[in-house]
Every structure is written in C-alpha cells, then in structure tokens.
1. Taking the range 264-279 as the region of interest, how many residues are more than 24 Å from SER295 (Cα to Cα) and either crowded, with 17+ Cβ neighbours inside 10 Å or modelled with pLDDT of 95 or more (or both)?
2. Among the strands (runs of 3 or more DSSP E) lying completely within the range 244-360, list those that include at least 1 residues that are of a type in the set (Lys, Arg).
3. Got a number for residues in the range 187-243 being in a strand (DSSP E or B), farther than 21 Å from GLU277 by Cβ and not acidic (Asp, Glu)?
4. Inside the range 9-50, can you point out the residues that are over 13 Å from LEU64 (Cα atoms) and aliphatic (A, V, I, L, M)?
5. Enumerate the pairs (first residue in the range 13-27 and farther than 13 Å from ILE59 by Cβ; second residue anywhere and polar (S, T, N, Q)) with beta-carbon separation below 8 Å, excluding pairs fewer than 6 apart on the same chain, so at least 6 apart or on different chains.
6. Mind listing whichever residues of the range 46-63 are modelled with pLDDT of 85 or more and either touching a His at 6+ places or on another chain (Cβ under 9 Å) or surrounded by 15 or more Cβ atoms within 10 Å (Cβ to Cβ) (or both)?
7. Kindly indicate the residue of the range 284-300 that is more than 20 Å from ILE242 (Cβ to Cβ) and either at pLDDT 90 or above or not charged (D, E, K, R) (or both) and also surrounded by the fewest Cβ atoms within 10 Å (Cβ to Cβ) among those meeting that condition.
Amino acid sequence: MDQIKIGKFIASCRKEQGMTQAVLAEKLGISDRAISKWETGKSMPDSGIMLDLCELLKINVNELLSGERIMAEAYDKRAEENLLAMRREVEEKNRQMLRTEYWIAFPSVIAGLVMVFVASFIEMPVWLRIVLIVFALVMIFTVAFIAVGIEQKAGYYECQNCHHRYVPTYWQTSLESLKQVDDKKTAVDISWWKEFAIGDLFDKLNLGIKNPQFNKALDVSEEQTDEFNLPLVNAKHGNNGIMFYGRKEDFETASMTIDIVQNGTIATGDVYAQPQETGVLWDAYLIKLKHEIKSEYTLMFLAVVIERAIKERFSYDDKCVWDKASLLKVKLPVDSHGCPDWAYMQGIMQKSELCIKQLKQAFV
C-alpha cells in the first residue's frame, strides 16, 4: 500500500470535514504529531482507531487503505485488492520472522551438538564434561522455545475458527514443520469444504442488445452519465470489468450476476461480481446462481472462488467460454446437509473490514 497516497487522502478528507490536525487528534484521543505522521506518509493509523477515524472522515476502511474515493462498481474489486495487499504484507513479515528463526536456531543447535560431541569424546575433567553437556542442552532447548514463540507470532499456531493462539511443545513444532515443509499455509481451513461443478451452480444468461440500430460509436460512453447509466461488461481487466456504459433501454439486463471475461490478452478468465443491473457488450458473459441469493457479499465470495478456479486455466489462445468453464469445479463451504453454506459465505465477506483490522494488528 502507498502510505504517501493514503496520508494525502487523510489530509484531504480531514480538511473536507473542516478539522485541523489538533481537532482530529482530540476526537481520536491521540497527539496531533501522530496525525502529522499519517499525513506525511511516515506511519499508518493504528488498527484500534481505524474505524473511528473513518467515521470522522466520512469514508470507509476500504477507501482509507486505497487512498482514494471508490466508485460503487469498483468497490468489490478494490476490497479484494486491499485484502490481498494486507495479506501479502503479513506473509512477508512472517517470512522475515522465519528467516530470523533459522539464523538463530541453526547455528545454535550446531554449536550445542558440537559441545555435546566434544564433551563425550575428548578427555577432560568430569565436572567440565557435565557443565558442557548441561550448557549445550540448555542452549538447544532455549533456542527451541524462542523458535516456537516466533512461529506462534507468525500465526502458524492460531486456530482459524476461534483465533485462539497456543504454544505447542518442541516436538509438536518439529512434527508440524516436517508436515509443512513445502511452506504452503492457507489463511482459512477449507478441509471441510466440498467441490461443486460451476455449471451445476450457475446458468449462463444470454443477454443481447435490444436496439436494432445499435452503433458502438454513438450508443455507449466511457463515462457514466444520466443517459449512459448502465454498466456493460466486456473484455476489461480491472475496474470491475466495466469499460463502457449504455442506455438501459438498449440492452437486456440482469442483476446479482457474476461476470466472466472470455477473451483478452490479459483479461481472459477475470471474474467480477455484478450485483447491480448490468448488460453485456462483448467478449464477456454473465452467469447467475440457480439458488436465489440477495446478498452482494455472497456474490463477491463466489466471484473470488470462481476466479481462482479458472484464471490460470485459460488464455488468449484458449478462450474462457462457458462450455469449458462450466465443467470446472470450485470448493465451497457447506452446511450440515452438504449444501453450499450461503450464510457462511456472506459472513466472511461482511467481516472484510474486520479482517483488514485484524491483519493490521499483526504488524503491532
């Protein structure tokens, strides 16, 4: 994240609300020097006051972390980008902590083993032999204790459901390290999720253009206006898949859909949630869940899961057409009956701002 950009955005929003740094600091219960550091990009707001800060500035956490106002149609995509950026920062911090662990543990264990070897096979007074062995064992177990603490702080031993942290024993740590030697950790336990074919969950909508005299040069706009107010999906990478806007009367439309880009050098396989009324221009299509849902959060969850399943499978030379995409499978959380747990999906996404706050706390 760009701290300079975020700082300038905080300053701009503060001035829009007619507050000085001193006034904002007083409302938040902090010093005005802290506000100054935020606005100059030298530090970030602490997660404990981030929500209060956003309330005072009349913005949301997503906009704060983006450093700019976000249009409604781009909100979902930017939220995903911010969550991923925060996750990457946490993962990098964890990797740095692990490197520190290795640099401490490896030389110390080697030194301890050398001392034990020397004490066992070289002639010396018995008392010195005992001292060396005891010292070596103490050093090895002390380093093991520190290593476990580092791994716990890095989040390896945090319950993914209740977030309770526990300190494992030395042997638990060793066995877990062996099992996770490929370093592929997941942020969420998905072992209980179930696979579903995308085509079993969604129908492809065949939406067309109603205006028989449609002319792209005259009947769409790159800017959303009172006349051109209908978002149109096409082969667009970014901006939630929207490049043009059309007149509602010119297009067949649908809402609470998911947009899949089927063509484009970069955009092929991009997936976007489209909760608003939307039309189709070209090189993309809309799919709609067979099960009726009303939550935009559930829709956003499904879009993320689907993109993970299809993005790497298709390219400019291998179009992401529905006949192929529908056959791929996604993993979804399920209820006690083995059916997709829509409420769980909604709950995860509704807590996105809380997730950002929790991820931010990992830096404290």
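1. Total satisfying the criteria: 3.
2. Fully inside the range 244-360 and qualifying: 284-289, 329-332.
3. 3
4. MET19, ALA22, VAL23, LEU24, ALA25, LEU28, ILE30, ALA34, ILE35
5. Cβ pairs passing all conditions: GLN21/SER36; ALA25/SER31.
6. Listed by number, the residues that qualify are LEU53, CYS54, LEU56, LEU57, ILE59.
7. Kept after step one, since they are more than 20 Å from ILE242 (Cβ to Cβ), are these residues of the range 284-300: 289-295, 298.
Next, only the ones that are either at pLDDT 90 or above or not charged (D, E, K, R) (or both) stay: 289-293, 295, 298.
On the way: LEU289: 17, LYS290: 10, HIS291: 11, GLU292: 8, ILE293: 17, SER295: 17, THR298: 26.
Top of the filtered list is GLU292.
The values are calculated or read from the model by the stated rules, or taken from the named source; none is laboratory data. Everything numeric here is computed off the predicted structure, so don't read it as measured data. For neighbour counting, all protein chains shown are included, and Cβ atoms are generated from backbone atoms with ideal geometry for every residue, glycine included.
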